[in-house]
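Student: Below are the structure tokens for one structure; questions will follow.
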Amino acid sequence: MNWKEYVSKTNLIVQGTAFGFNSPATEVVLQDLLFQFCLDELPLELEELYTQTDGIFEILDGQEIGDLIWPASKAVQINREYRNQPDFKNLYMSFDQLFFVSDAGNGDLFGFVTLNGKFYRRDIFVWNHEDDSRTWVAPDLAKFIEWWANGTISV
């Protein structure tokens, strides 16, 4: 899939918001991401996105306002933080089965389910920071981007 084209078409749905694209993630960055979390591979959609653009950011009135999909380095940082934060281990279920790629801006995080280094599903789930629930929000990354951008997904 051509992610820049897809997101640009999705942008037609969202009035007033534009999306920007980073340079593609390097192979070194992607290999480090896999190594950091003992992953065999990324979901195909996410790998394709990262090889075309290292994250997608939102622009409103000419100002960057946040990430629609995090750059790979931010995904590494946030996932490492949530998995290794000592206080979180006492407050929340394990984050080892989730790989986060985006946030809602309110503390909730979006990600894929992973088990034993593999991604068996393409679905995106949201982790609710207030009640520690994990809820299905989209069947795949493309629908997540579309639905999050147009407000179908709200948290």
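The values are calculated or read from the model by the stated rules, or taken from the named source; none is laboratory data. Quick caveat, the model's predicted, so the values are computed rather than measured. Methodologically, a virtual Cβ is constructed for each residue, glycine included, from the backbone with ideal geometry; neighbour enumeration extends over all protein chains shown. Just the protein is used for accessible areas: all its heavy atoms, side chains included, with ligands, DNA and RNA removed. Shrake-Rupley method; radii C 1.70, N 1.55, O 1.52, S 1.80 Å.
Student: Go through LYS118, LYS74 for me and flag whichever is open to solvent by 70 Å² or more (accessible area, probe 1.4 Å) and under 19 Å from GLN36 (Cβ atoms).
Tutor: Values: LYS74 fails: open to solvent by 70 Å² or more (accessible area, probe 1.4 Å).
The match here is LYS118.
Student: Next up: Here is a list: GLN15, GLN36. Which entry is over 22 Å from ASN128 (Cβ atoms), exposed (fewer than 13 other Cβ atoms within 10 Å of the Cβ) and at pLDDT below 95?
Tutor: Of the residues listed, the single one that is over 22 Å from ASN128 (Cβ atoms), exposed (fewer than 13 other Cβ atoms within 10 Å of the Cβ) and at pLDDT below 95 is GLN15.
Student: For the range 86-102, state whether one or more residues are touching a residue at least 60 places away in the same chain (Cβ under 8 Å) and either under 16 Å from GLU47 (Cβ atoms) or not in a helix (DSSP H, G or I) (or both). Working first, answer last.
Tutor: First, pick out the residues of the range 86-102 that are touching a residue at least 60 places away in the same chain (Cβ under 8 Å): 99.
Then drop every residue that is not either under 16 Å from GLU47 (Cβ atoms) or not in a helix (DSSP H, G or I) (or both), which leaves 99.
Yes, some residue in the range 86-102 is touching a residue at least 60 places away in the same chain (Cβ under 8 Å) and either under 16 Å from GLU47 (Cβ atoms) or not in a helix (DSSP H, G or I) (or both).
Student: Could you list, ordered by first residue, the pairs with Cβ atoms under 7 Å in which the first is in the range 64-84 and within 21 Å of TRP148 (Cβ to Cβ) and the second is open to solvent by 30 Å² or more (accessible area, probe 1.4 Å) and part of a loop (DSSP other than H, G, I, E, B), at least 6 apart or interchain?
Tutor: Going by the 7 Å Cβ cut-off, the qualifying pairs are GLY66/GLY105; PRO71/ASN22.
Student: Checking LEU68 against (1) within 26 Å of PHE95 (Cβ to Cβ); (2) open to solvent by 30 Å² or more (accessible area, probe 1.4 Å); (3) not hydroxyl-bearing (Ser, Thr, Tyr), which test does it fail?
Tutor: Going through (1) within 26 Å of PHE95 (Cβ to Cβ); (2) open to solvent by 30 Å² or more (accessible area, probe 1.4 Å); (3) not hydroxyl-bearing (Ser, Thr, Tyr) one by one, LEU68 breaks only (2).
Student: I would also like to ask the following. For the range 53-109, what are the residues that are at pLDDT below 95 and either among the small types (Gly, Ala, Ser) or on the phi > 0 side of the Ramachandran plot (or both)?
Tutor: Within the range 53-109, ASP61, GLY62, GLY66, SER94, GLY105 qualify.
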